[in-house]
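Visitor: Take a look at this one; I'll ask things after.
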Amino acid sequence: MAKKISPTDSGRKLWYTFGLVIVLTIATRFHKITEPDHVCWDETHFGKMGSWYINRTFFFDVHPPLGKMLIGLSGYLTGYDGKFAFDKPGDKYENTSYVGMRIFCASLGASVVPMAFLTVHEMTNSLTSALFSSLLVIFDVGLITLSQYILLDPILLCFMVGSLLGAVKVTSNKIQEFSVKWWCWLFFTGTMLSCCMAVKFVGLFVVILIGLMTIVDLWNILGDLSRPVMDTAKHFIARAIFLIIWPTMLYALYFYIHLKVLNHSGSGDGFYSSAFQSQLIENSLHNASMPRHVAYGAVITLKNHKTGGGYLHSHYHLYPEGVGARQQQITTYTHKDDNNKWIIKKYNSEIKDIEIIRSGDLVRLEHSATKRNLHSHKEQAPITKKHYQVTGYGENGTGDVNDVWRVTILNGVEGEKLKTVTSRIKFVHYLQSCILTTSGKQLPKWGYEQQEVSCNPNLRDSNGVWNVEENFFPKLENVSFEVYAPSFLERFLESHAVMLQGNSGLKPKEGEITSRPWQWPINYRGQFFSGSTYRIYLLGNPVIWWSNLIFLLIFVMIFIANAIKTQRGYIEQFKEEHSLKLKACTWLFIGWLLHYVPFWAMGRVLYFHHYFPAIIFSSLISGIIIDYFLEDIPKLFPATVANTVYHTVLGVILSSILYSFYLFSPLAYGMNGPTSSESNSTMFGLKWMDSWEF
């Protein structure tokens with residue numbers, strides 16, 4: 001007869017096990033946290049962005065701001081002064097206080113493990129499932145590597161797992177509904193969701209998961225005939241407030257803080273509208289005063305009106321041989337530069353008096369630095385072959401009739417005066433009847449990776465809209481730029497439009513190692529974090545990752561088999577422990593799908609580290625399935641050997657996890673000396689796939 005375990009003993013066992021998990025987590029996540037003492041991989045980006053928060057310097061990034069703000073705050077609180085350049089991987093930190101930022105990121109990355117333990121325990125009511133799930137997360141060398149550096153990934157993973165834990169607690173039948181504890185968990189869930197979305201847009205996937213869990217829970221409450229309908233209404237209102245309204249308010253607050261802190265001009269100004277830039281201290285538009293209208297003879301800059309659009313730009317370099325006419329290059333450039341300046345002139349004569357440009361006028365645009373005119377002709381554009389090439393042509397402002405453009409104010413009337421900033425204008429070529437536009441496509445190296453400018457015969461091209469940003473003309477009275485100041489809501493919406501545009505336009509740089517989603521689950525190729533003599537290589541623990549794939553397939557087969565058996569009436573009711581485990585695995589499998597499948601449809605550049613949120617879900621599934629089999633396998637053997645079989649299988653699983661961690665831990669903690677291909681290397685014989693590069 002089995003010995004009964006008292007609730008006190010069960011609780012003590014839970015906390016002892018939880019304590020062990022925390023000790024192992026701390027030991028693995030903070031070991032060698034200060035090494036290497038140089039910039040590793042994307043620390044060059046996120047460390048630099050943390051510095052910009054400390055210096056209050058505005059910048060552009062494709063991700064929402066919370067993760068970078070927290071990195072900057074952690075650096076500030078631990079003595080970092082924001083002066084280190086973070087120029088490139090390999091740069092020595094020397095006397096820079098970088099450790100505080102690494103410890104902060106590692107702490108959030110470490111919090112994933114205990115939260116995963118509590119999540120699985122809550123979902124399955126099984127200590128064994130929770131322990132195995134935690135061990136698979138603890139001893140994955142890839143997750144350790146990703147947690148130890150100044151990156152957004154450990155911050156994202158913390159908030160993602162926190163959101164899942166909160167949702168599981170809220171839907172649990174162990175916590176009394178509408179009790180103080182229940183409200184606290186609901187508040188925690190909403191906060192974690194807002195944080196997750198505010199670190200990276202992929203946080204949307206966990207928002208969808210929690211949304212689905214909430215909908216199912218509300219549906220079950222509605223279907224419980226022993227409860228009044230009013231209960232469902234109360235739950236719906238509570239969830240709407242704390243899982244929709246509260247996260248939305250918090251999310252907006254993060255952006256408010258972001259825009260308040262970053263109030264000085266920086267490298268990212270040019271991605272944003274002229275009105276947005278006018279709010280940045282030291283920007284040429286901040287507290288600026290310039291003429292309200294644009295006159296002939298003014299020196300102006302033209303900003304493309306599309307989201308993230310750059311400035312009309314030229315430089316002394318010519319288009320290369322074989323790319324249209326070999327004339328001066330015209331591009332758009334997202335940074336402020338003297339080569340963005342143009343003199344706007346009447347098409348056929350000099351102006352002696354002050355004359356304001358009006359909608360419908362014919363003009364020439366002379367590049368201020370090179371004295372060549374904006375020009376187009378019936379040659380193919382460099383990239384968009386259906387468009388015409390745009391070049392700089394002529395000498396000292398003298399060109400030909402292909403330099404003439406008609407100015408049209410969008411939604412304006414013929415003869416309306418052209419205004420600085422607020423007039424949205426089109427330039428239509430007088431002879432070719434095409435519109436000056438930018439495709440947003442990046443030119444090759446000969447074009448300095450700036451964006452293509454072309455002339456589109458389709459005059460309705462939405463990218464062919466510009467505005468005059470800077471307007472230098474001393475003969476006209478100036479007005480303050482404060483009249484163009486946008487509201488917080490306008491800046492909030494523009495920030496999102498620019499981020500989404502930037503995200504979709506991310507392309508791999510030359511020589512950069514990228515990957516495709518099919519490669520991720522099989523651990524096909526890792527990623528170098530540090531390429532110096534002290535080498536760090538991001539790669540998942542192959543034993544854990546390949547086992548995860550097997551357990552995912554096993555779960556799918558179990559799920560399908562049980563569904564068929566239930567439908568055919570072979571199973572009337574599952575045992576409670578099996579029911580809980582299968583339900584938990586189902587939700588975690590949905591989480592894995594949501595964090596993996598959407599990447600197949602993405603056109604942007606992808607990297608190996610994008611799979612790590614999904615690997616958390618698959619590891620939790622594996623831990624539960626291991627427990628599922630550990631319970632059932634001994635039942636296949638006589639009682640005399642069942643205990644031996646159980647402990648043998650348990651020993652094999654634990655030793656495989658621990659020994660594989662021992663073998664591959666140098667990938668996370670640093671490799672010195674010979675590479676794996678040399679017989680005297682500590683990693684010799686561990687290159688199990690040719691695509692691994694350590």
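Visitor: Output the helices (runs of 4 or more DSSP H) that fall wholly within segment 133-201 and possess 1 or more residues being under 24 Å from D627 (Cβ atoms), or say none.
Guide: 141-147, 153-170
Visitor: Which condition breaks for K32 when tested against (1) open to solvent by 20 Å² or more (accessible area, probe 1.4 Å); (2) modelled with pLDDT of 95 or more; (3) in contact with a helix residue (DSSP H, G or I) (Cβ under 6 Å, 6 or more places away or on another chain)?
Guide: Failed condition: (2).
Quick grid of which residues meet (1) more than 28 Å from the chain's Cα centre (by Cα); (2) open to solvent by 40 Å² or more (accessible area, probe 1.4 Å):
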{"site": "R535", "(1), (2)": "no, no"}
{"site": "P542", "(1), (2)": "no, no"}
{"site": "N562", "(1), (2)": "yes, no"}
{"site": "T566", "(1), (2)": "yes, yes"}
{"site": "E577", "(1), (2)": "yes, yes"}
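Visitor: Criterion first (open to solvent by 40 Å² or more (accessible area, probe 1.4 Å), of a type outside the set (A, V, I, L, M), free of Cβ contacts under 8 Å to residues at least 40 places away in the same chain and part of a helix (DSSP H, G or I)) does W52 satisfy it?
Guide: Taking the combined requirement at face value, the residue does not satisfy it.
Visitor: Let me ask something else about it. List the number of the failed condition for V294; all other conditions in (1) open to solvent by 60 Å² or more (accessible area, probe 1.4 Å); (2) more than 17 Å from V401 (Cα to Cα) hold.
Guide: Failing condition for V294: (1).
Visitor: Does at least one position in segment 132-155 carry a residue that is farther than 19 Å from L552 by Cα, among the aliphatic types (A, V, I, L, M) and open to solvent by 10 Å² or more (accessible area, probe 1.4 Å)?
Guide: Checked against the condition, which is being farther than 19 Å from L552 by Cα, among the aliphatic types (A, V, I, L, M) and open to solvent by 10 Å² or more (accessible area, probe 1.4 Å), segment 132-155 yields no hits at all.
Visitor: I'd like the full set of residues that are open to solvent by 10 Å² or more (accessible area, probe 1.4 Å), touching a residue at least 40 places away in the same chain (Cβ under 8 Å) and not aromatic (F, W, Y), limited to segment 178-191.
Guide: Passing the criteria: only T191.
Visitor: Moving on. Suppose we filter segment 84-102 for residues that are of a type in the set (K, R), open to solvent by 50 Å² or more (accessible area, probe 1.4 Å) and either part of a helix (DSSP H, G or I) or touching a strand residue (DSSP E or B) at 6+ places or on another chain (Cβ under 9 Å) (or both); how many remain?
Guide: Total meeting the criteria: 1.
Visitor: May I ask you to verify whether I633 is of a type outside the set (S, T, Y), closer than 29 Å to V597 by Cα and modelled with pLDDT of 80 or more?
Guide: No, not satisfied.
Visitor: Right, something else. Is it true that W692 is open to solvent by less than 40 Å² (accessible area, probe 1.4 Å) and modelled with pLDDT of 85 or more?
Guide: Here the answer is yes, as W692 does meet what is asked.
Visitor: Counting only residues that are touching a residue at least 40 places away in the same chain (Cβ under 8 Å) and basic (K, R), which one in segment 192-239 is surrounded by the fewest Cβ atoms within 10 Å (Cβ to Cβ)?
Guide: Among those residues, the one meeting the criterion is K234.
Visitor: Just a yes or no: is a residue in segment 611-618 aliphatic (A, V, I, L, M), surrounded by fewer than 19 Cβ atoms within 10 Å (Cβ to Cβ) and touching a residue at least 60 places away in the same chain (Cβ under 8 Å)?
Guide: no
Visitor: Would you point out the residue of segment 438-468, among those that are in a strand (DSSP E or B) and at pLDDT below 90, that is most open to solvent (accessible area, probe 1.4 Å)?
Guide: Out of the qualifying residues, it is Q442.
Visitor: List every residue pair whose Cβ atoms lie under 8 Å apart, where the two residues are 6 or more positions apart in sequence or sit on different chains, the first residue falls within segment 426-450 and is free of Cβ contacts under 8 Å to residues at least 12 places away in the same chain, and the second residue, located anywhere, is assigned to a strand (DSSP E or B) and open to solvent by 40 Å² or more (accessible area, probe 1.4 Å).
Guide: Between residues of segment 426-450 that are free of Cβ contacts under 8 Å to residues at least 12 places away in the same chain and residues that are assigned to a strand (DSSP E or B) and open to solvent by 40 Å² or more (accessible area, probe 1.4 Å), the close pairs are E449/Q442.
Visitor: Contact list please: Cβ distance under 9 Å, first residue in segment 644-655 and without any contact (Cβ under 8 Å) to a residue 12 or more places away in the chain, second residue outside any helix (DSSP H, G or I) and among the aromatic types (F, W, Y), pairs at least six apart or on different chains.
Guide: T644/F637
Visitor: Anything in segment 512-533 that is out of contact with any Ser or Thr (no Cβ under 7 Å at 6 or more places or on another chain), of a type in the set (S, T, Y) and either in a helix (DSSP H, G or I) or surrounded by fewer than 17 Cβ atoms within 10 Å (Cβ to Cβ) (or both)? List them, or say none.
Guide: Passing the criteria: T514, S532, T533.
Visitor: Would you say I621 is of a type in the set (A, V, I, L, M, F, W, C), touching a Cys at 6+ places or on another chain (Cβ under 7 Å), open to solvent by less than 60 Å² (accessible area, probe 1.4 Å) and part of a helix (DSSP H, G or I)?
Guide: Against the criterion (of a type in the set (A, V, I, L, M, F, W, C), touching a Cys at 6+ places or on another chain (Cβ under 7 Å), open to solvent by less than 60 Å² (accessible area, probe 1.4 Å) and part of a helix (DSSP H, G or I)), I621 qualifies.
The values are calculated or read from the model by the stated rules, or taken from the named source; none is laboratory data. Keep in mind it's a predicted model, so treat the numbers as computed, not measured. Glycine also receives a Cβ, built like all others from the backbone with ideal geometry; neighbour counts cover every protein chain displayed. Please note that ligands, DNA and RNA were not included when accessible areas were found on the heavy atoms of the full protein model with its side chains. Shrake-Rupley method; radii C 1.70, N 1.55, O 1.52, S 1.80 Å.
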